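Worksheet: one structure, shown below.
Read the figures in this text as sums done on the coordinates, not as results from a lab. Just so we're clear, the structure is a prediction, and the values are computed from it rather than from any experiment. Neighbour counts are summed over all protein chains in view; Cβ atoms, including those assigned to glycine, are modelled from backbone coordinates with ideal geometry.
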């Protein structure tokens, strides 16, 4: 079955995976019944919900106990009329709404993590998971978010995932969230908490927000230190049926909803979706606006190291080859997405693809015949503004370097695809050998007792001086041979060093850096200094604001050319322009 056929058989479902019940000690309407919660979920048009009380499954268990009791009375023919109506309502609603058991676990430092499970999971197994995460037995039914010394975040991710659950970092960008701002813990620890392979998604409170400062944009895979793109969803975190009219901070059931594209309404289908890399299968629900357009949202973000756009794919003019080159480059870099049938300019009307099935077959054939070693990509169709657009999802390859026609190796450099130079090819080979364990790696500093590996790394990095920016390039050496200057370039995104770059052979950013160094060298007295770091130049290229930055280090002056917003971390952000 083709990807288009599979997608056409799917349906959008509305879900709210973060609901509290009277099983949580801080529930704001303790007289609410579990049937009331289901009825309100139906009223809000929800198809999938989860009960996620604090460090307990007491609420979900109470609902099951009530249903079991009513069923028992029915079996004995001792059920009263009002009880019979209540049981009938439960049965009707549970046919209409998938209700999943779960919990909101409080990890070390107070971080909140959602664990969502299949309805077939025994309650005793869920309680055993909580006990294994160091929830005290005497508080197992309390529904309290304060539980003392529990398990750490990474242990919780792994434990929930291995038990077959969906792992979601609760309100990640807000209080008690693993990506919240202003919490003083190591940068490497924050990376580990948001990039861990056992984590399925981040629940965020700004899913509908546009611009660089949204959580979803931050975790889109473009940041060097956060290369794994994270799925972002939203949930209400409701502690009451309806939003508090006196305090809009307290939402009601279904006040923040995520739509999810599934072949059926089941936990198994939901888990498979969370495990996939198809990010167009979740979107914020907009009750009074047009549905979320993933292609248009991507165009508004623009080309980047992880996404590209092509209006057409004709062989004439090299358009088809340019798409295959992007596939090769993405596989050799971080992976990413290619959109065919639409330009990168968000205000232009999409061209679309006229014969979708034939175009997909052509792309599959070209990728299969031209790229070595073999590379599995996903190709399907999305719609934007009434036009079909082909989407190619390329994984970060596990056997680089990938080449076209066995000898053309491409890499992704920010928003551009370029032929790899010798040193980049060497780096790809070394990375592959290291991944296979065939390359000697230096020993890492062992973690102290009671310290996580992430904490140990954070301690080392946090104690150093200001780190260099994480995008752009640095010229770290120059020599002249027979009247020609040869430069040694460092890619600040990955630390790779490329030697023997000349002004004539350099790609765009490198050429800019060399030209600036040779014709417009930094004048320290004109730098906008902030301690030992400074801004030399701010400019725009390709619609993106870039920065030339400098740093005084051990009596030397380091210059970083073409740094983008994504590379401006920590103290460097003092130089970010207001528009960024």
The FRET efficiency for residue 65 and residue 378, from their Cβ-Cβ distance with R0 = 35 Å and rounded to 0.05, is 0.20
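Please compute the length gained on full extension between residue 431 and residue 465, using 0.36 nm multiplied by the number of residues separating them and subtracting their Cα-Cα distance.
Extra length available between residue 431 and residue 465 comes to 9.5 nm.
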How high is the FRET efficiency between residue 481 and residue 12 when r is their beta carbon distance and R₀ equals 51 Å, given to the nearest 0.05?
0.25
First check a/c for the range 222-356, with a ≥ b ≥ c the square roots of the eigenvalues of its C-alpha gyration tensor; if it is under 1.5, answer rounded, and if not, answer prolate when a/b is larger than b/c or oblate otherwise.
prolate
I'd like to compare 136-147, 258-269: which one has the highest average count of other Cβ atoms within 10 Å, and what's the full order after that?
258-269, 136-147
Give the angle, between 0 and 90 degrees and rounded to the nearest 10, that separates the Cα long axis of helix 319-332 from the longest principal axis of the Cα atoms of the chain.
80
Quick one: helix 153-162 against the long Cα principal axis of the chain, what's the angle to the nearest 10°, folded into 0 to 90?
70
Quick one: which of 403-415, 511-523 comes out on top by average Cβ neighbours within 10 Å, and what's the full order, highest first?
403-415, 511-523
Quick check: pseudo-label points 7 Å beyond the Cα along Cα→Cβ at residue 319 and residue 144, how many nm apart are they?
6.6
Please give the Cα centre distance for the range 258-276 versus the range 47-117, rounded to the nearest Å.
21
Placing each pseudo-label 7 Å from Cα in the direction of the beta carbon, residue 365 and residue 72 end up separated by a distance in nanometres of 6.7
Of 234-241, 367-374, ordering from highest average Cβ density within 10 Å down gives 234-241, 367-374
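Estimate the FRET efficiency between residue 398 and residue 83 by the formula 1/(1 + (r/R0)^6), using the beta-carbon distance for r and 51 Å for R0, to the nearest 0.05.
For R0 = 51 Å, the calculated efficiency reads 0.30.
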Could you tell me how far the Cα centroid of the range 287-312 sits from the Cα centroid of the range 132-150, in Å?
43
For the chain, what's the relative contact order in percent, using C-alpha pairs closer than 8 Å and at least 6 residues apart?
10
How would the range 467-575 be classified by its alpha-carbon gyration tensor: rounded, prolate or oblate, with rounded meaning a/c under 1.5 and the a/b versus b/c comparison settling the rest?
prolate
Quickly estimate the mean residue ellipticity at 222 nm for the chain, helices only: each DSSP H run with n ≥ 4 gives -39500 (n - 2.57), and the total goes over all residues, rounded to 500.
-8500 deg cm²/dmol
With Cα atoms, 0 to 90° folded angle of helix 123-132 axis to the chain main axis
50
